[in-house]
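Worksheet: the structure to be examined is printed underneath.
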Amino acid sequence: MTLGELTANLDLRHPQRVLVVEDSVGYAVRLAAFLEEMGHRVWSLAGIDEILGETAVGTSLDLATRETAPLNVQLAFLDHYFISEKHNGATVARELKRRGCPRIVAMSSDVGANQRMMKAGATLALRKIDLAKMLGM
């Protein structure tokens with residue numbers, strides 16, 4: 001997949017509310033910066049511990065505090081393995097799909113983990129290294 005195809009598949013030309021859940025802080029920061037430069041509103045967490053109503057509560061990217069992010073997003077980028085004892089990418093993908101999120105990207109280095117997220121509701125699966133190459137990270 002090319003960056004142009006990714007942009008078209010995820011409707012990246014139009015501003016969206018985006019959730020990024022990734023425990024590799026540098027990766028999450030670069031992905032969020034790319035999305036924000038394109039005009040998107042981005043919430044980033046290193047992990048999700050609880051889902052309370054319309055809100056995810058989890059670990060911030062500074063890895064020291066708890067932070068919240070809305071779940072009523074139009075696009076999500078989910079790693080499968082992140083900081084949490086309760087949730088992983090598959091459980092969050094399932095919850096986002098149930099809430100009507102139209103575009104959920106599974107982005108794990110583990111192909112099996114991406115497959116589990118696809119079964120749970122993700123609409124696209126990419127290995128992290130491939131996504132990083134597409135975005136020039």
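All of the numbers you see were taken from the coordinates with simple rules; none came from a lab. Not measured: the values here are computed from a predicted model. In this analysis, Cβ positions are derived from the backbone assuming ideal geometry, glycine residues included, and neighbour counts consider all displayed protein chains.
Once the mean 1/r over all distinct Cα pairs of region 32-115 is inverted, what Kirkwood radius in angstroms do you read off? Kindly include the intermediate steps, with their values, before the conclusion.
Numbers: mean 1/r = 0.0763 Å⁻¹.
Radius from the Kirkwood sum: 13.1 Å.
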- Message: With a cut-off of 8 Å between alpha carbons and a minimum separation of six or more residues, what is the relative contact order of region 51-109 in percent?
- Response: 32 percent
- Note on the structure: Scan of the chain for GluC sites (Glu not before Pro) in DSSP loops with at most 16 other beta-carbon atoms within 10 Å gives a longest site-free stretch of 1-53
- Within the chain, which DSSP H helices have Cα atoms that stretch 15 Å or more along the helix axis and a mean Kyte-Doolittle hydropathy of at least -1.0? 25-37
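If you place +1 on the Cβ of every Lys and Arg and -1 on the Cβ of every Asp and Glu, how big does the dipole about the Cα centre of the chain come out, in debye to the nearest 20?
Around 440 debye, computed over the chain.
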- Please list, in chain and number order, the residues 5+ apart from R99 or on another chain whose amide H is under 5 Å from its amide H, with Hs placed from the backbone. none
- Hey, quick one: spin label on K133, modelled 7 Å out along Cα-Cβ, who in region 77-110 has an amide N within reach, i.e. under 19 Å? 106-110
- Could you compute the FRET efficiency for R98 and D62, with r as their C-beta to C-beta distance and R0 at 30 Å, rounded to 0.05? 0.50
- For region 73-105, list residues with backbone N below 20 Å from a point placed 7 Å from the Cα of E50 toward its Cβ? 82-89, 91-93, 95-96
